[in-house]
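Please read the structure below before turning to the comments.
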Amino acid sequence: MAGTVTKKTSLRHRASQRGTEESAVVKWVLISIAMAFCAVFLLLPLINVFGQAFSKGLTYYRDSLVHPDSWAAIRLTLLVAVITVPLNVLFGVAAAWAIAKFEFRGKSLLITIIDLPFSVSPVVAGLMFVVLFGLQGFLGPWLDARDIKIIYAVPGIVLATVFVTFPFVARELIPVMQATGTEQEQAAMTLGANGWQTFWHVTLPSIKWGLVYGIILCNARAMGEFGAVSVVSGHITGLTDTMPLRVEKLYNEYNAPAAFAVASLLALLALLTLGIKTYLEWKQARDYERAQAEVETARL
Amino acid sequence: MGFTLFYLSAIVLIPFGGLILRACETSLGEFWRLATTERALAAYKLTFGASLCAAVANAIFGTLLAWVLVRYEFPGRRFIDAMVDFPFALPTAVAGLTLANLFAPQGWLGQFLVPLGIKGAYTPLGVVIALTFVGMPFVVRTLQPVIESLERDVEEAAASLGASRFRTFLSVIAPTLMPALLTGFALAFARAIGEYGSIVFISGNLPFKTEIAPYLIVMRLEEYDYAGAIALAVVLLMFSFVLLGCINLLEQWASRFQR
């Protein structure tokens, strides 16, 4: 592979003479359009978040964040993520394990069902839980009689978030697990390791980065989910408002700087997620190249 | 395995079943009446129309962006490549908030665009803008690997046979990209149909004018009109299933193309 890298560059060099490249004018026009598109659609919205958040000064920014209602929203969002992410990691690992390491009927159906939350509108997802647990829902009267509140309370928010973020980990892990195959686990088993030891020492290290990747994506969505949560939360200020819902409420109260202050935290989270993701991709590419280079030198 | 199935049914299948069961409780005629009220029809029209416009915009700019990112070297390429996923990572509410603010009459872009008659906030155009933002990564990310794997030899052959660069692109490169482009287009379209968070901020949600179907569901729920909300939800669900089926077929087609 190290060989192909040098081959690629030499190819590119020769290619320009063979007429497989656009003329410099076309090339720079295309680049400029792409850059302009990115500037308007990616950079400007991002800069605008922070610009508006600090438009009334640093003190106002801090005050809007420590306002009791916003503070409660931040705490609730963290709580929801702390419950949701581990649950979905557990499920994601189990599902990916079942799909990648075993053969059974209905496998493709299982994969389709796992992907389902991605193709359902978040609003419809929220509605499903209202239909199930709401006062007019199937379990509503039973829950009401026992004074258990799910819809318009924290459990409903958690359930809706779990539903929406549920494919992320499994989706990242299935291809990784399929690629590594089952030989290593079988070797560990024949050497006398039990299932748990095999998982901990053999499977986990091989899926480590895919798992981290899935977790950060799942977390970003769990903290940022709006549609599904907005349907089930009931918008009780200070009690069932998550950060995105708080942003909406502040905006509707014509308090845009405060809305942007809360939004800026979410934007930071998005940037952090992107940063980790890019780092992981870069690291994987580097590790891969190194391993290939070692193979190459060993062959020589 | 048992755990997987249990969790899956608890979180996904039971809520699904509940919704469908409730939908079956209303008679067919009643369901039809609820799903096709005039307000609902206007909402479908806007949802599908705006999603289609946004998906087309994404197909054009996404192809261009993917091509530029793979084929050219220029300062800031890696940065833009990483930033393409930004709309995925940014919570939709924040996206809607900042876009609405940008295109509002006093906003950074609005102050120049509104005098020109381009009103981005609280209009159907705003809906298209938000949906374009949200669906942007799909086309780029499905096309990038395909462009990377293109064989340069084929282009060289075309060039040596006397084809101009434009001709090569149209008759050699474009057909190879088609399946992936359509997949990305369908993914962006599907995402746009269900989108809610970003639209609420930018559209203004005026019935018959800038009200999208998911917002109408929320409105029906707030009026405690469960049957109405469920009827609309079922229509949206059926549509996303049809699209999901199309995407699966397209992906099969695309992977056959690769080999």
ask   = Of B:Ile230, B:Ile217, B:Ile60, which is the most mobile in a GNM of chain B whose springs link Cα atoms less than 10 angstrom apart?
value = B:Ile60
request  = Per DSSP H run of at least 4 residues, take -39500 (n - 2.57); add these up for chain A, divide by its residues and hand me the 222 nm value, nearest 500 deg cm²/dmol.
outcome  = -25500 deg cm²/dmol
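Name the shape class, rounded, prolate or oblate, that the alpha-carbon gyration tensor gives for segment A:120-270, where a ≥ b ≥ c are the square roots of its eigenvalues, rounded holds for a/c under 1.5, and otherwise prolate holds if a/b is larger than b/c and oblate otherwise. Display every interim value, and only then the final one.
Values: a/c = 3.32, a/b = 1.74, b/c = 1.91.
Oblate, since a/c reaches 1.5 and b/c is not below a/b.
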ask   = Using bins 20 angstrom wide from zero, how does P(r) for the protein assembly as shown break down, in % of all Cα pairs?
value = 19, 52, 26, 3, 0
message = Given an 8 Å cut-off on Cα distances and at least 6 residues of separation, report the relative contact order of chain B as a percent.
response = 30 percent
note = For chain B, longest principal axis from Cα atoms; helix B:174-194 axis from its Cα atoms; angle between them, nearest 10 degrees, is 20 degrees
key: Projected area averaged over orientations for segment B:36-258, convex hull of C-alpha atoms, nm²   = 14.7 nm²
query = What whole number of Å gives the distance from the Cα centroid of segment A:135-160 to the Cα centroid of segment B:187-259?
reply = 26 Å
Among A:Phe163, A:Phe138, A:Phe118: highest mean-square fluctuation, GNM of chain A, C-alpha pairs under 10 Å = A:Phe138
ask   = Between A:Asp147 and B:Leu5, what is the FRET efficiency for a Förster distance of 35 Å, r being their Cβ-Cβ separation, to the nearest 0.05?
value = 0.65
task = Could you go through segment A:239-256 in sequence order and give the Karplus-derived ³J(HN,Hα) for each residue, using 6.51 cos²θ - 1.76 cosθ + 1.60 with θ = phi - 60°, rounded to whole Hz, and x for Gly and Pro?
result = 10, 10, 8, 8, 4, x, 5, 5, 4, 4, 5, 4, 5, 5, 8, 6, 10, 4
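How high is the relative contact order of chain A, in percent, with contacts defined as C-alpha pairs under 8 Å that are six or more residues apart?
29 percent
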task = Just tell me how shielded A:149-160 is by partners: mean number of partner chain Cβ atoms within 10 Å of each residue's Cβ, no decimals.
result = 0
ask   = Which distance in Å, rounded to a whole number, links the C-alpha centroids of segment B:3-52 and segment A:13-92?
value = 32 Å
ask   = Roughly what would the spin-label model give for A:Gln284 and A:Ala298, points 7 Å off Cα along C-beta, in nm?
value = 2.2 nm
query = What net charge is computed for the residues neighbouring B:Leu244, neighbours being all others with C-beta under 15 Å from the C-beta of B:Leu244, Lys and Arg scored +1, Asp and Glu -1?
reply = 0
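Starting from the Cα gyration tensor of chain A, take the square roots of the eigenvalues, sort them a ≥ b ≥ c, and report rounded, prolate or oblate (rounded when a/c is under 1.5, otherwise prolate if a/b is larger than b/c, else oblate). Write down the numbers at each step before the final one.
Values: a/c = 2.31, a/b = 1.24, b/c = 1.85.
Judged from the Cα gyration tensor, chain A comes out oblate (a/c at least 1.5, b/c at or above a/b).
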ask   = Once phi is turned into θ = phi - 60°, what whole-Hz ³J(HN,Hα) does the Karplus curve with 6.51, -1.76 and 1.60 give for every residue of segment B:22-33, x standing for Gly and Pro?
value = 4, 5, 6, 5, 7, 5, 5, x, 4, 4, 4, 4
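With an 8 Å cut-off on Cα pairs and a minimum separation of 6 or more residues, tell me the relative contact order of segment A:171-253 in percent. Walk me through the intermediate numbers first.
Values: 34 pairs, mean separation 22.4, N = 83.
Contact order relative to length: 27 percent.
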note = Length gained if B:Arg39 through B:Ser171 is fully extended, taking 0.36 nm per residue and subtracting the Cα-Cα distance, is 43.0 nm
ask   = What number of lysine-lysine pairs in the protein assembly as shown show an alpha-carbon separation below 18 angstrom, given a sequence spacing of 8 or more or placement on distinct chains?
value = 5
query = Who wins for biggest fluctuation among B:Val114, B:Val84, B:Val56 in a Gaussian network model of chain B, springs between alpha carbons below 10 Å?
reply = B:Val114
note = Taking a crude spin-label model, label points 7 Å out from Cα along the C-beta direction, the A:Phe102 to A:Leu43 distance in nm is 5.2 nm
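Taken together, the values in this text are just the output of simple stated rules run on the coordinates, not laboratory data. Just so you know, these numbers come straight off a predicted model, no measurement behind them. As a convention, Cβ positions derive from the backbone with ideal geometry for all residues, glycine included, and neighbour counts pool all protein chains shown.
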